[in-house]
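Q: Can you keep this structure in mind? I'll have questions shortly.
The values are calculated or read from the model by the stated rules, or taken from the named source; none is laboratory data. For clarity, every value in this text was computed on a predicted model and none was experimentally measured. Counting neighbours? That spans all protein chains shown, and the Cβs are built from the backbone with ideal geometry, glycine included.
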């Protein structure tokens, strides 16, 4: 574990040089989204058939979960391939007492830290917009980190397995974007036709969105929430197991 | 002739508009494109996904905007922006 912290230190150290830009985007991002969708489009939705609650309150946790998903997916895609193929940072680390598992855990810890900072900022902005309706909303913070890790762990396995960077286009275009658009982030999945709806229920993003939406609206109940958490943990564990294997195969053998 | 002079002479001869070597760069870009065309062609799906998600999915909860369905409203906006 201490070796994994050394690997974490590398990522944190290089992030110290670029943190300003990412802090600005993580403040401006939610403000723009909530103004355009929550306030602007929300006016039309609330005037029309509507989604049952004010649209701003509906879409705010969806945007938080989707942002956690996108940030985590990105951080485990190109940076992992770069550390394997371009800067070869992982190979440099393996020339020290660190082992491939330490590289994986250290990097995922770094992704978790990024998620914690970004989602904390998001939650403050959400509170400013008046989109949080329960003290339980504070639990949306660790939930956002969990949602992120449920994506970054399997994606890091994919990135370590991938031979050419063109594969990321397929990942972002045919997995990440459809998930972003159809996992209950902008409208309830009950609107989807059968077949598509079942796929949406199986995505970790929908489970995260539903968990966080009930937390911020103050309608969360214990067992469904625990089921979502357990399902997301399953994705983290499965992703890490797979990633440990692909890292070892790609870097060691 | 020194290397620098040769370089200058070549550049002087090829700096005119007609003697441009843009076709070499074009050829290079074409070769890169042979590997990435799938990425560009698959971009076709992106507006479709958006239209389905926001237009049809969310549109149901919006109802009509300026007398047309929300899907037609944003489809119109997208195509106008493209032009």
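Q: Which number in (1) part of a loop (DSSP other than H, G, I, E, B); (2) in contact with a helix residue (DSSP H, G or I) (Cβ under 9 Å, 6 or more places away or on another chain); (3) surrounded by fewer than 21 Cβ atoms within 10 Å (Cβ to Cβ) marks the one condition that residue A:187 misses?
A: (3)
Q: Of all residues in the range A:35-44, which are without any contact (Cβ under 8 Å) to a residue 12 or more places away in the chain and either at the interface with chain B (Cβ under 9 Å from one of its Cβ atoms) or touching a strand residue (DSSP E or B) at 6+ places or on another chain (Cβ under 8 Å) (or both)?
A: Result: A:44, single match.
Q: Restricting to the range A:185-214, name every residue that is within 10 Å of chain B (Cβ to nearest Cβ) and closer than 13 Å to residue A:69 by Cβ.
A: A:185
Q: From A:60, A:66, A:12, grab the single residue that is under 18 Å from residue A:143 (Cβ atoms), away from chain B (no Cβ under 12 Å) and modelled with pLDDT of 90 or more.
A: Exactly one of A:60, A:66, A:12 is under 18 Å from residue A:143 (Cβ atoms), away from chain B (no Cβ under 12 Å) and modelled with pLDDT of 90 or more, namely A:60.
Q: Can you tell me which residues in the range A:151-183 are within 21 Å of residue A:234 (Cα to Cα) and over 15 Å from the mean Cα position of the chain (by Cα)?
A: A:157, A:158, A:159, A:160, A:161, listed by residue number.
Q: Let me spell it out: the conditions are (1) under 30 Å from residue A:163 (Cβ atoms); (2) within 14 Å of chain B (Cβ to nearest Cβ), and residue A:83 meets all of them except one. Which number is the exception?
A: Single failed check for residue A:83: (2).
Q: Would it be correct to say that residue A:79 is over 26 Å from residue A:133 (Cα atoms) and outside any helix (DSSP H, G or I)?
A: No; evaluated as a whole, the condition is false for this residue.
Q: Can you tell which of A:139, A:126, A:109 is part of a helix (DSSP H, G or I) and at pLDDT below 95?
A: Only one candidate passes the filter, namely A:126.
Conditions (1) over 23 Å from residue A:165 (Cα atoms); (2) in contact with a strand residue (DSSP E or B) (Cβ under 9 Å, 6 or more places away or on another chain); (3) within 11 Å of chain A (Cβ to nearest Cβ); (4) not in a helix (DSSP H, G or I), marked per residue:
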| residue | (1), (2), (3), (4) |
| --- | --- |
| B:40 | no, no, yes, no |
| B:46 | no, no, yes, no |
| B:50 | yes, no, yes, no |
| B:59 | yes, yes, yes, no |
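Q: Considering each of B:75, B:3, B:22 in turn, give the residue that is modelled with pLDDT under 85 and over 30 Å from residue A:41 (Cβ atoms).
A: B:3
Here is a yes/no grid of residues against (1) at positive phi; (2) assigned to a helix (DSSP H, G or I); (3) surrounded by 13 or more Cβ atoms within 10 Å (Cβ to Cβ); (4) touching a strand residue (DSSP E or B) at 6+ places or on another chain (Cβ under 6 Å):
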site: A:5; (1), (2), (3), (4): no, yes, yes, no
site: A:10; (1), (2), (3), (4): no, yes, yes, no
site: A:21; (1), (2), (3), (4): no, yes, no, no
site: A:33; (1), (2), (3), (4): no, yes, yes, no
site: A:49; (1), (2), (3), (4): no, no, no, no
site: A:59; (1), (2), (3), (4): no, yes, yes, no
site: A:64; (1), (2), (3), (4): no, yes, yes, no
